[in-house]
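The structure under discussion appears below in the form of structure tokens.
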Ligand SMILES: NC(=O)c1ccc[n+]([C@@H]2O[C@H](COP(=O)([O-])OP(=O)(O)OC[C@H]3O[C@@H](n4cnc5c(N)ncnc54)[C@H](OP(=O)(O)O)[C@@H]3O)[C@@H](O)[C@H]2O)c1
């Protein structure tokens, strides 16, 4: 495959809050990296995440490439690469958009460490589907399985007996993947979503699902999980809600355990039950590079190694059907369509689906 010297990419402009398609040099590979010809990218979801994308535009550095979730074809590999990833493989993954001038998914080509992509088995997922296993999927993996987060059992191992985990926000991208990952390891999953997504979350492995808007949701969760010994851990996938507090309460008044949450601890939730700890998780730490979100996060080899080890399991999880992609809403226009897609997302019409662009 002929590799071009320059590529088109969505780049943050000097004036923050603004990004546009720009011609830039093709990323230069480090020894252990792969160059991927991007075929599809996914955008993070509705209102709260639009704020997140705007946050990235705000804290992101001018000249850096936007975009995190991708699927594509390996076009070249770094000189000292020892993994089994080969030129021509379909791979998918997650990179930190808005932080680097030569790393970002909204581009015709991107570079990524070879151990932080997974090879999509032939005949399983399209590029559009595989691109949905990015930020949300990785976040669910880190939150549930990393030893310093919930430290739960990873498939193909299975838990014994009845073990319940509560997922607040079962129909978010993070939640949809968390439910599947938990079910694959034999956990029973209690979750909440809108009633329009009850069937979807059940089809992916939720044992019970309740309406997060119902005043009875907490009583229903406790009634469903107490006969099996109550919940042993919880994941809150929602930032702009009372999810943290509900997750703490789901352990019951005498409960002990941990809630892993995608945003920082909220005072009310922390104060509610001192025997239930609240721990935030941030997926960018799994990329093994220092980054600055107003606060400097040092590179975490431990977080990267955990993710790299888990990614080796993903091809089999996908092949067996244990992990299914998020529902795809294809948006026309490729890189040039991303601005319009973002505007559509601001309307808040998406529910339990990912906006995906073909590149
Ligand atoms: N810490 C990290 O590293 C990290 C990584 C990834 C994402 N995040 C954050 O995690 C959150 C989830 O992101 P996402 O990409 O999975 O998708 P998302 O935008 O949160 O998913 C949209 C879903 O949110 C559900 N929802 C809306 N309001 C809700 C509420 N009050 N309670 C429960 N569910 C509600 C809706 O479900 P219904 O249609 O069923 O109502 C909708 O389908 C976002 O806030 C994102 O910024 C953090």
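The values are calculated or read from the model by the stated rules, or taken from the named source; none is laboratory data. All figures in this text were calculated on a predicted structure; none of them were measured in a lab. Positions of Cβ are backbone-derived with ideal geometry, glycine not excepted, and every protein chain shown enters the neighbour counts.
Quick check on region 328-339. Is at least one of its residues surrounded by fewer than 16 Cβ atoms within 10 Å (Cβ to Cβ), in the same structural domain as residue 103 (by TED's automatic domain parsing) and closer than 26 Å to residue 121 by Cβ?
yes
Conditions tested, residue by residue: (1) closer than 22 Å to residue 210 by Cα; (2) modelled with pLDDT of 95 or more.
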| residue | (1), (2) |
| --- | --- |
| 248 | yes, yes |
| 260 | yes, yes |
| 271 | no, no |
| 277 | no, yes |
| 283 | no, no |
| 287 | no, yes |
| 297 | no, no |
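Working only within region 140-174, note down all residues that are within 20 Å of residue 277 (Cα to Cα), within 12 Å of the ligand (Cβ to nearest atom) and assigned to a helix (DSSP H, G or I).
Within region 140-174, 140, 141, 142, 143 meet the criteria.
Inspect region 303-324 for any residue being at pLDDT 95 or above, within 13 Å of the ligand (Cβ to nearest atom) and not in a helix (DSSP H, G or I) and give the result as yes or no. Write out each step before concluding.
Taking region 303-324 as the starting set, the residues that turn out to be at pLDDT 95 or above are 303-324.
Checking the rest, the ones that are also within 13 Å of the ligand (Cβ to nearest atom) come to 303, 307.
Now restrict to residues that are not in a helix (DSSP H, G or I): none.
No, region 303-324 has no match at all.
Looking at 196, 149, which is the one that is over 20 Å from residue 255 (Cβ atoms) and either over 14 Å from the mean Cα position of the chain (by Cα) or in contact (Cβ under 8 Å) with a residue 24 or more places away in the chain (or both)? Before you say what the answer is, go through the steps one by one.
Values: 149 fails: over 20 Å from residue 255 (Cβ atoms).
The match here is 196.
Considering region 302-332 alone, what residues qualify as being under 30 Å from residue 22 (Cα atoms) and in contact with a strand residue (DSSP E or B) (Cβ under 7 Å, 6 or more places away or on another chain)?
326, 327, 328, 329, 330, 331
Residues that are under 23 Å from the mean Cα position of the chain (by Cα), without any contact (Cβ under 8 Å) to a residue 60 or more places away in the chain and surrounded by 24 or more Cβ atoms within 10 Å (Cβ to Cβ): does region 202-221 have at least one?
Scanning region 202-221, I find at least one residue that is under 23 Å from the mean Cα position of the chain (by Cα), without any contact (Cβ under 8 Å) to a residue 60 or more places away in the chain and surrounded by 24 or more Cβ atoms within 10 Å (Cβ to Cβ), so the answer is yes.
From (1) in a helix (DSSP H, G or I); (2) within 27 Å of residue 70 (Cβ to Cβ); (3) touching a strand residue (DSSP E or B) at 6+ places or on another chain (Cβ under 6 Å); (4) not assigned by TED's automatic domain parsing to the domain that holds residue 38, pick out the condition that doesn't hold for residue 198.
Of everything listed in (1) in a helix (DSSP H, G or I); (2) within 27 Å of residue 70 (Cβ to Cβ); (3) touching a strand residue (DSSP E or B) at 6+ places or on another chain (Cβ under 6 Å); (4) not assigned by TED's automatic domain parsing to the domain that holds residue 38, residue 198 misses just condition (2).
Residues of region 221-243 being away from the ligand (no atom under 15 Å from the Cβ) and either closer than 23 Å to residue 195 by Cα or assigned to a helix (DSSP H, G or I) (or both), which ones?
Within region 221-243, 222, 223, 224, 225, 226, 227, 228, 231 qualify.
Do you know which residues across region 251-286 are more than 13 Å from the ligand (Cβ to nearest atom) and part of a loop (DSSP other than H, G, I, E, B)?
251, 252, 253, 254, 255, 256, 266, 273, 274, 275
In this structure, is residue 183 surrounded by fewer than 23 Cβ atoms within 10 Å (Cβ to Cβ) and either in the same structural domain as residue 255 (by TED's automatic domain parsing) or not in a loop (DSSP other than H, G, I, E, B) (or both)? Before you say what the answer is, go through the steps one by one.
Details: surrounded by fewer than 23 Cβ atoms within 10 Å (Cβ to Cβ): yes; either in the same structural domain as residue 255 (by TED's automatic domain parsing) or not in a loop (DSSP other than H, G, I, E, B) (or both): yes.
Criteria met by residue 183.
Among the residues of region 151-171, is any buried (at least 24 other Cβ atoms within 10 Å of the Cβ), at negative phi and out of contact with any strand residue (DSSP E or B) (no Cβ under 6 Å at 6 or more places or on another chain)?
no
Taking the conditions exactly as written (in a helix (DSSP H, G or I), under 24 Å from residue 324 (Cβ atoms) and either in contact (Cβ under 8 Å) with a residue 40 or more places away in the chain or over 25 Å from the mean Cα position of the chain (by Cα) (or both)), does residue 246 satisfy them or not?
Answer is no for this residue.
Quick check on residue 132: is it over 15 Å from residue 231 (Cα atoms) and in a loop (DSSP other than H, G, I, E, B)?
It is true that residue 132 is over 15 Å from residue 231 (Cα atoms) and in a loop (DSSP other than H, G, I, E, B).
How about region 262-281: which of its residues are in contact (Cβ under 8 Å) with a residue 60 or more places away in the chain and surrounded by 19 or more Cβ atoms within 10 Å (Cβ to Cβ)?
Correct list: 262, 281.
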